[in-house]
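Nothing in this text is a laboratory measurement; each read-out follows from the coordinates by a stated rule. Just so we're clear, the structure is a prediction, and the values are computed from it rather than from any experiment. Cβ: placed from backbone, ideal geometry, glycine included. Neighbour counts: every protein chain shown.
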Amino acid sequence: MKPALDPTIDYKRLVAEGYNTCAESYEQARRETVHPEIKWLKSQLPNRAHVLDIGCGSGLPVARELAKRFHVTGVDISAEQIRRARENVRHAEFFHSDIMALDFPAASFDAVVALYAIFHIPRGEHDRLFRNIRRWLKPGGYLLATLSGEPEEAYTEQDFFGAPMYWSNYGMSEYRAMLAEAGFEIVSADEIGHGYSLDAPKENHPLVICRAGL
C-alpha cells in the first residue's frame, strides 16, 4: 500500500482505468455471488420499484438479480464495466459516470445499493454522497451499502486483479454520524466478506441497511 498524496495524479481516473484493465478477471470473480441482503431487499419492495446501483460494475450479479423485478439504473466510473453491464443486463439503464458528477430528481428511487464502491471515492466526498442519496430516495426508501470499519487515509495498491487501485474511507463511527445527519436511520449493521467467488484473503466489510426518514 502506498499513500495517495501525489497532487499530480487524478485518483478517480486511476480507479476508472484500473477497473477497465481488470474488468474480465473482476467480473469472473464477482458474477455468481448474490448477498442475502439483496434477496431481503427484493422482499421489501413492490414489483417495478426503481433501484439505483452505485458502482454497478459489469452488472453481475447485483444489477442482474435486481432487474428481474425492478427498474434498475446502474452507474460506474469505468467505461469497460458499463459496456459489459449493458451486454449482461439488457433490461436496465446504465450511466458511465462518476456518481459525484450525476444528479437525479428528488424521490427518484425506492432503494439505492452501493456494494464495494464507496471506498473508491475520496472520503471527503462521502458526506455529500449520502446527502445526495437521501434526496434521490423516496421517503422510507432503503440504502444498502458496504462501508469500512476503521478510518484509513487514502492509499493505492499496485495489484488489484492485476491493476493499480485507490481506496479512501472513514470508519463506522464517522459513517454512523454522517448517515444520521443526512436523514437516515440504520435498520441493521452486519459484516460481510470480500464477495469474490474465489479463494482470496479474508476481508470484513460492514454492510448497513438504512432507511430514509419520512
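Summary table below
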quantity: Rg/Rh (Cα only; Kirkwood hydrodynamic radius) as it applies to the chain; calculated: 0.93
quantity: Selected from 108, 97, 188 as most flexible by GNM, with the chain as the system and alpha-carbon contacts under 10 Å; calculated: 188
quantity: Pair residue 214, residue 98: separation of 7 Å Cα→Cβ label points (nm); calculated: 3.8 nm
quantity: Distance between segment 136-178 and segment 66-102 - C-alpha centres, whole angstrom; calculated: 19 Å
quantity: In Å, descending, principal axis extents of the Cα set of segment 89-214; calculated: 42, 37, 27
quantity: Sum of -39500 (n - 2.57) over DSSP H runs of 4+, divided by residues of the chain (222 nm, nearest 500); calculated: -8500 deg cm²/dmol
quantity: Inter-label distance for residue 90 and residue 106, nm, one decimal - labels placed 7 Å from Cα along Cα-to-Cβ; calculated: 3.9 nm
quantity: For segment 121-135, 3J(HN,Hα) per residue [Karplus equation, 6.51 cos²θ - 1.76 cosθ + 1.60, θ = phi - 60°, Hz, x = Gly/Pro]; calculated: 9, x, 5, x, 9, 5, 4, 5, 4, 4, 5, 4, 4, 4, 5
quantity: Estimated dipole of the chain in Debye, rounded to 20 [Cβ of Lys and Arg +1, of Asp and Glu -1, Cα centre]; calculated: 980 debye
quantity: Relative contact order, percent, segment 4-133 [alpha-carbon distance under 8 Å, six or more residues apart]; calculated: 25 percent
quantity: Percent of Cα pairs exceeding the 17 Å cut-off, where the set is segment 109-163; calculated: 47 percent
quantity: Cross-link partners of residue 2 among lysines (Cα-Cα below 30 Å; sequence separation of 8 or more within a chain); calculated: 12, 202
quantity: Whether segment 90-140 is rounded, prolate or oblate, judged on the alpha carbon gyration tensor where a/c under 1.5 counts as rounded; calculated: oblate
quantity: ³J(HN,Hα), Karplus 6.51/-1.76/1.60, whole Hz, each residue of segment 171-185, x for Gly, Pro; calculated: x, 5, 4, 5, 5, 4, 5, 4, 5, 5, 5, 7, x, 10, 10
quantity: For the chain, built as a Gaussian network whose Cα springs stay under 10 Å, the top-fluctuating residue of 87, 27, 203; calculated: 203
quantity: Two-site label geometry, residue 48 and residue 150: point separation in nm, points 7 Å out along Cα→Cβ; calculated: 4.9 nm
